[in-house]
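First comes the structure, then the notes that go with it.
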Amino acid sequence: MGMGMTKRALVAGLDLGTSKTTVLVGRVGERGVEIVGLGTAPSRGLRKGVIVHLESTVAAIRKAVAEAEAMAGCEIRQVVASITGAHVRGVTSHGVVAVRNGEVSANDVDRVLDAARAVALPADREVLHVLPQEFIIDDQEGIREPLGMAGVRLEAKVHIVTAHASASQNVLKCCRQAGLVVEDIVLEPLAAADAALTPEEKDLGVALVDVGCGTTDVIVFHGGAVRHTAVLPLGGAHLTNDIAAGLRTPTIEAEKIKQRFGCARASKVPRHTSIEVPSVADREPRVLSRHILCEIIEPRVEEIFTLVSREIIRSGFEGNLASGVVLTGGTALLDSVTDVAEHALRLPVRIGVPQHVTALADLVASPLYAASVGLLVAGAGGGGLGRPTSMRDQGLIGRVRGRMTDWLREFF
Ligand SMILES: Nc1ncnc2c1ncn2[C@@H]1O[C@H](COP(=O)(O)OP(=O)(O)OP(=O)(O)O)[C@@H](O)[C@H]1O
Ligand SMILES: [Mg+2]
């Protein structure tokens, strides 16, 4: 079966989150990816997006895989896995090569991307992604698809994402121990963007912010290309911890209270509504005002988005985000979070739910699953499935991993 034939090709994504490990299985069809299996397990081996305990991570992967296999009725052998963590860095780089035969060939493009990725890296870091921003042929700038064009000098501007080598090695190690082959490792927000953003948004300028449990990931797009990536080491877990400390309740209860009664805008919550808060040890539960809960949450959410705002400014595109900000990750479910985000970022904010998927799509129709769905979309060969794939869409994930050959082979 050759490339391009989509007959029953199956793909699997493994999202290693700080709070949950998710496995999704999809079948690549003409109208996108059909979801055929979902498995989740609580994560216990990660801190702030990074694997810190191998055995518990392997156990969570096995559990999520088994669940997804049972639902899909197939065996999962290969996955596209996510990675995140504050060790991730994005830098802009460029490369230049001479065009060999007067017309840009695929080989010229490979060589120029290789030249661009040849940045000096400390021994403990490695390149995760080389994301083309634009090509320049002779003096013609702003070329998105250089293949076949005439010229003598080819230049590429790229965004390079690097990570601690040990962090990605631990992803590979845990997967191997769980009996899986890793087809590729994809930066979590890049995956979430592939699921939750439209090509138009990426063109006009947009920031995707995935506020998870242990990390808040920021990725900025403009002109269809990635301009900035950053991972902040804080997320929903910090809200929960502050609630636990502030209301003197166990973390597990603080988590439930946050999800049921939390609101990022304290002023929206009437002072007289009360909630029952379990106490630590054997003390009696107390009745407290819901307003107090939200007064604990609000400054923390503001803090997160103030840091996000700094990253957007650092990207240099803060004045060019015509499509605003899209929030994914579980903390996007917090009541009134868009309100606080809009205020801190001074940009329109919407909640992003996964697109490009069919069949059991309802199961994953939540910002919680944006990254998982994005891994499937990536596994299926790039974003924008179901429409004519321009080089730009593939460019974000699919093309860069170009050296991989028969991606859509059946592996079950
Ligand atoms: N309804 C809700 N209200 C507020 N927070 C919520 C809600 N539902 C989930 N969360 C929070 O979302 C977080 C989990 O989100 P998500 O699954 O995106 O994180 P993760 O992928 O496990 O972690 P990370 O990406 O940071 O490594 C938890 O901190 C959880 O408390
Ligand atoms: Mg996540």
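The values are calculated or read from the model by the stated rules, or taken from the named source; none is laboratory data. All values derive from a computational prediction rather than experimental measurement. A quick note on method: Cβ atoms are made from the backbone with ideal geometry, for glycine too, and the neighbour counts reach across all protein chains shown. All accessible areas refer to the heavy atoms of the entire protein, side chains included, with ligands and DNA or RNA removed. Shrake-Rupley method; radii C 1.70, N 1.55, O 1.52, S 1.80 Å.
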Taking the stretch 326-356 and keeping only residues that are hydrophobic (A, V, I, L, M, F, W, C) and either more than 14 Å from Ala192 (Cα to Cα) or away from ligand 1 (no atom under 16 Å from the Cβ) (or both), one is left with Leu333, Leu334, Val337, Val340, Ala341, Ala344, Leu345, Leu347, Val349
Subset of the stretch 27-52 (residues that are charged (D, E, K, R) and within 14 Å of ligand 2 (Cβ to nearest atom)):
Arg47, Lys48
Hey, does the stretch 240-261 have a residue that's touching a residue at least 12 places away in the same chain (Cβ under 8 Å), under 25 Å from Ile312 (Cβ atoms) and surrounded by 22 or more Cβ atoms within 10 Å (Cβ to Cβ)?
no
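Which residue out of Ile313, Ile292, Ile275 is farther than 30 Å from Pro348 by Cβ, open to solvent by 40 Å² or more (accessible area, probe 1.4 Å) and at pLDDT 95 or above? Steps first, answer last, please.
Numbers: Ile313 fails: farther than 30 Å from Pro348 by Cβ; Ile275 fails: open to solvent by 40 Å² or more (accessible area, probe 1.4 Å).
When all the criteria are applied, what remains is Ile292.
Within the stretch 356-377, can you find the residues that are in a helix (DSSP H, G or I) and within 16 Å of ligand 2 (Cβ to nearest atom)?
Hits for the stretch 356-377 are Val364, Pro367, Leu368, Tyr369, Ala370, Ala371, Ser372, Val373, Gly374, Leu375, Leu376, Val377.
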Taking the stretch 218-254, which residues are within 16 Å of ligand 2 (Cβ to nearest atom) and part of a helix (DSSP H, G or I)?
Gly236, Ala237, His238, Leu239, Thr240
Is there a residue in the stretch 170-184 that is acidic (Asp, Glu) and closer than 24 Å to Leu334 by Cβ?
no
Kindly provide the set of residues from the stretch 78-112 that are open to solvent by 60 Å² or more (accessible area, probe 1.4 Å) and within 22 Å of the chain's Cα centre (by Cα), ordered by number.
Arg89, Val91, Thr92
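Of all residues in the stretch 326-355, how many are part of a helix (DSSP H, G or I), within 15 Å of ligand 2 (Cβ to nearest atom) and either of a type outside the set (A, V, I, L, M) or open to solvent by less than 40 Å² (accessible area, probe 1.4 Å) (or both)? Quick ask: steps written out before the conclusion?
First, pick out the residues of the stretch 326-355 that are part of a helix (DSSP H, G or I): 330-333, 337-345.
Of the ones still in play, those that are also within 15 Å of ligand 2 (Cβ to nearest atom) are 330-333.
Retained after the next criterion (residues that are either of a type outside the set (A, V, I, L, M) or open to solvent by less than 40 Å² (accessible area, probe 1.4 Å) (or both)): 330-332.
Within the stretch 326-355, residues that are part of a helix (DSSP H, G or I), within 15 Å of ligand 2 (Cβ to nearest atom) and either of a type outside the set (A, V, I, L, M) or open to solvent by less than 40 Å² (accessible area, probe 1.4 Å) (or both) number 3.
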If Lys202 passes every condition in (1) farther than 21 Å from Thr92 by Cβ; (2) surrounded by 21 or more Cβ atoms within 10 Å (Cβ to Cβ); (3) of a type in the set (Lys, Arg) but one, which one does it miss?
(1)
